[in-house]
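This report concerns only the one structure given below.
Laboratory data are not the source of any read-out in this text; all were calculated from the coordinates shown. Predicted, not measured: the structure shown is a model, and the values here were computed from it. Glycine also receives a Cβ, built like all others from the backbone with ideal geometry; neighbour counts cover every protein chain displayed.
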Amino acid sequence: MTLADESCTPCRGGEPPLAESEWPALLAELAGWRIERREGIPRLVRTFSFPNWRACLRFAQAVGELAEVEDHHPEIAIRWGEVEVSWWTHAVKGLHRNDFVLAARCDRLAGTA
């Protein structure tokens with residue numbers, strides 16, 4: 001089973017974020033994703049390239065629909081030809097396995113999985 005095929009698990013806080021030692025194995029299953037710290041919180045980030053503005057909007061909308069279904073919402077930045085998606089779990093102030101699962105689903109939506 002790939003990350004994109006996994007189910008997200010409810011995360012309401014009160015549990016620890018993934019240990020930093022767990023990140024490399026999960027990142028190895030994702031192409032083009034990186035971990036950045038913003039405001040002291042690690043985030044899973046990838047910039048997707050598209051040929052035009054409409055393609056960017058379609059992808060951003062698809063990611064937004066995915067986020068609503070899973071009740072887990074990323075930060076999405078749209079620029080001409082690019083969409084940057086950042087996943088992290090607010091409830092644990094860090095990374096959760098769900099972030100990696102949804103990153104893999106973004107890859108699938110973009111056709112890069």
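Starting from 0 in steps of 10 Å, tell me what percent of the Cα-Cα pairs of the chain lands in each bin.
Answer for the chain: a P(r) of 14, 49, 31, 5, 0 percent.
In nm, give the distance between the simple-model label positions of Arg38 and Leu57, each being 7 Å from the Cα along the Cα-to-Cβ direction.
Rounded to a tenth, the inter-label distance reads 2.3 nm.
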